[in-house]
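Reviewing the structure listed below.
The values are calculated or read from the model by the stated rules, or taken from the named source; none is laboratory data. On a predicted model such as this, the values are computed, not experimentally measured, just so you know. Positions of Cβ are generated from backbone atoms using ideal geometry, with glycine treated the same way; all protein chains shown enter the neighbour counts.
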Amino acid sequence: MGSGSGFFLTLLAIMFASICAAQSLPPESMDATALVRRAVEHRLDAGKSHRPVRYLIHRTDERHDTTKLIIETADGDVARLVAINGKSLPVEADRAELNRLDTLANHPEMQEHRHKSEQKDAERIDHLLALLPDAFLYRFEGMAACAAGQCYRLSFTPNPHFTPPNLEADLLRGIAGEVWIDPAQERLTRLDGHFIADVDFGFGIIGKLNKGGTVLLEQTDVGGHDWELARLVLHVTGKALMVKPLSFQISEEASGFAQVAPGLRYRDAIQMLKQAGP
């Protein structure tokens, strides 16, 4: 999967993970749009105080089934491939993975480049977050059973009066669905979204996402009221540059969250990954 598709997936995941807060208002007095407007502010505030974690992520797509151990650091995320198709890496493949980590440790410019790319993506996503209250129309639909007991259930549809300011914001024009919000901690627990219309990028010249695509996301409290994306299921098709088929058939599940020391450097994380074993 190329860097462009990687950013697209990150964009979707973080964009929807941002619709995550609510004042504990009685449903009859709830202003759903104002709720989401506050939600964006709360999500950005939470990001500033986020505590780094380590976790496993199991990802399947049309070609691969992989499990990686991820450690977040002050220098960006570091990962070690630990399983393919549910099985530990063969000895030679694991040795190659350790050699890759050694190379990364010896070439800080590689990690710096990756970290700068992550930061640029985060800045672009923060800009997108500010558009959410105006991009959709929200409505309180009732309560839904969730892990927390009962969650607010809000529907959202594209706002016909919203004008996307850039290509990245175009995808907001074709998505509708529901979000579930935990009233106690004021965080998103689940999102079900679907593309209700084809979405063109750059008048269809750069690309198009087809009607009928779906996205499912679930968040969880990993401790200390710090929330992480725990599940992503994405089924989207389209075209790039008018002719090249696009297909994102992806499932990701994260588990085993554990906090790591704040300010952890990437070389220290590499040593932790190497000691973790396959």
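Quick notes on this one:
- Contact annotation: residue pairs with Cβ atoms under 6 Å, 6 or more positions apart or on different chains, pairing a residue in the range 167-187 that is in contact (Cβ under 8 Å) with a residue 24 or more places away in the chain with a partner that is part of a helix (DSSP H, G or I) and of a type in the set (A, V, I, L, M, F, W, C), are LEU172/ALA135.
- Only listed residue being more than 21 Å from the chain's Cα centre (by Cα) and of a type in the set (Phe, Trp, Tyr), chosen from PHE156, PHE140: PHE140
- Taken together, the residues in the range 194-212 that are surrounded by fewer than 20 Cβ atoms within 10 Å (Cβ to Cβ), part of a strand (DSSP E or B) and modelled with pLDDT of 90 or more amount to 1.
- Close pairs (7 angstrom Cβ cut-off, 6 or more residues apart or separate chains): farther than 17 Å from PHE257 by Cα in the range 44-63, polar (S, T, N, Q) anywhere: THR60/SER251; ASP61/GLN249; GLU62/SER247; GLU62/GLN249
- The residue that is nearest to the chain's Cα centre (by Cα), counting only those in the range 175-189 that are aliphatic (A, V, I, L, M) and closer than 30 Å to THR237 by Cα, is LEU188.
- Taking the criterion of being modelled with pLDDT under 90 and in contact with a strand residue (DSSP E or B) (Cβ under 9 Å, 6 or more places away or on another chain), the residues of the range 155-176 that qualify are LEU167, GLU168, ASP170, LEU171, LEU172, ARG173, GLY174.
- From VAL233, VAL215, residue being at pLDDT 90 or above, part of a strand (DSSP E or B) and over 26 Å from LYS116 (Cβ atoms): VAL233
- In the set GLU228, GLU218, only one residue is surrounded by fewer than 18 Cβ atoms within 10 Å (Cβ to Cβ), under 18 Å from the mean Cα position of the chain (by Cα) and among the acidic types (Asp, Glu); that residue is GLU228.
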